[in-house]
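**Q** Input: one structure, supplied below.
Every number here is computed from the coordinates shown, using simple stated rules; none is lab data. As the structure is a prediction and not an experimental result, all values here were calculated from the model. Here Cβ is always computed from backbone atoms with ideal geometry, including for glycine, and neighbour counts include all displayed protein chains.
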Amino acid sequence: MFKNISKKKKIEISIIAAIIAAVVIGAAIWVIVDFFLCSQTGTMSIIDKFIQNFVEKDRYSYILQGLGNTLLITLFALIIGLVLGTLIAIIRTVNEQQGKLHFLNAVAKIYLTVIRGTPAMIQLLIIYYVIFAAVDVDKIFIASVAFGLNSAAYVAEIIRAGINAVPKGQFEAGSSLGLPFRLTMIMVVLPQAIKNILPALCNEGITLMKETSISGYIGLMDLTKAGDIIRSQTYEAFLPLVGVALIYLVLVMILTYLVGRLERRLKASAV
């Protein structure tokens, strides 16, 4: 199974395995020592604190609900960001190459400047407390819109960079075949651009998932808010917050691994 793995990759796998083993062994030693020390002093051990924070009164349900909402918001926001970001990228490219859509290009520039120049948390609060203040709308929808609009500004620049990286001869080839600019963009240029920028888009999705941790500011039960609720009930900050951080870390590591595999496949297909 490891015959086709390079020497450098084997070293990286060995280092990661050694780090994981060291962390597991260290954690096991810590739990054992903590158990004996707490039994001598009469204080709560780490195991007792774990049970108090996550098992008693089914407090783990907060984590499960928060995790589900976090993933849901990330998915919907990513869809909004991809659709809107692609439209903005096309508008800016058409303006640059054909000198058309001046008004829409101006609107797109203002949008990019405002969204990229203001914090995501302020945008979320404005959308919740100002734009949707008089409307009874689900908070997951509001958060998805807010983060989707924020992500679109970054996705637009990523896609525009990908379009600009496609050789100009591809546009000329489409024109020589009698294709209008719109069809050339959709059928010839965009597929090549998306392939080139797919890893960057996936990394934007990972960043977006971490940004959703501020959803609790509008009273939405996301993963971070779930940990904070448990902290407020047990008056124990360490385990709930570290537990939430570990969940984010595991999700990011899994997604990063998948993005890495995607990059290797794209490189192999390009050879």
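**Q** Note down the magnitude of the dipole of the chain about its Cα centre, charges +1 on Lys and Arg C-beta and -1 on Asp and Glu C-beta and zero elsewhere, to the nearest 20 debye.
**A** Values: 24 positive and 16 negative charges, 253 e Å.
Roughly 1220 debye, rounded to the nearest 20.
**Q** Here is a follow-up. Take the chain, mark every one of the trypsin sites (Lys or Arg not before Pro) that falls in a DSSP loop and has at most 13 other Cβ within 10 Å, then report the longest stretch left between them, sites excluded.
**A** Values: sites that count: 3, 100.
No qualifying site falls inside 101-271, the longest such stretch.
**Q** If you place +1 on the Cβ of every Lys and Arg and -1 on the Cβ of every Asp and Glu, how big does the dipole about the Cα centre of segment 133-229 come out, in debye to the nearest 20?
**A** Working: 7 positive and 8 negative charges, 75 e Å.
Magnitude of the dipole: close to 360 debye.
**Q** Gap in Å between the Cα centre of segment 128-169 and the Cα centre of segment 55-98?
**A** Result: 8 Å between the Cα centres.
**Q** Going down the list 139/210; 109/225; 109/168, which pairs span over 25 Å between their C-alpha atoms?
**A** Details: 139/210 18 Å; 109/225 34 Å; 109/168 23 Å.
Check vs 25 Å cut-off fails for 109/225.
**Q** Let me ask you something else. Compute the angle between helix 223-234 and the longest alpha-carbon principal axis of the chain, please, reported from 0 to 90 degrees and rounded to the nearest 10.
**A** Around 20 degrees separate the two axes.
**Q** Right, something else. Can you list which of the chymotrypsin sites (Phe, Trp or Tyr not before Pro) found in segment 166-250 are DSSP loop residues with at most 11 other C-beta atoms within 10 Å? Could the numbers behind the result be given before it?
**A** On the way: sites: 171, 181, 217, 235, 238, 248; in loops: 235.
The qualifying sites are 235.
**Q** Find how much the distance from residue 64 to residue 183 grows on full extension, using 0.36 nm per residue of separation minus their present alpha carbon separation; answer in nm with one decimal.
**A** 38.3 nm
**Q** Still on this structure, I have one more. Please compute the contact order of the chain in relative form: average sequence separation of alpha-carbon pairs under 8 Å and at least six residues apart, divided by the residue count, as a percent. Spell out each step's value before the answer.
**A** Numbers: 245 pairs, mean separation 65.1, N = 271.
Contact order relative to length: 24 percent.
**Q** What's the angle, to the nearest 10 degrees (0 to 90), between helix 7-41's Cα axis and the longest principal axis of the chain?
**A** The answer is roughly 30 degrees.
**Q** Let me check against my output: what whole-number percent is the relative contact order of segment 69-222, with C-alpha pairs under 8 Å and at least 6 apart? Provide the component values of the computation, followed by the final result.
**A** Numbers: 164 pairs, mean separation 55.3, N = 154.
Reported as a whole number, the value is 36 percent.
**Q** Using the Kirkwood radius built from alpha carbon pairs, what does the Stokes-Einstein equation give as D for the chain at 4 °C and 1.567 mPa s, in µm² per second?
**A** On the way: Rh = 22.2 Å.
Roughly 58 µm²/s, to the nearest whole number.
**Q** Cut-off 10 angstrom, C-alpha nodes, Gaussian network model of the chain. Which of 63, 15, 159 fluctuates the most?
**A** 15
**Q** Where does helix 60-98 land angle-wise versus the long Cα axis of the chain, in degrees 0 to 90, nearest 10?
**A** Helix 60-98 sits at roughly 20 degrees to that axis.
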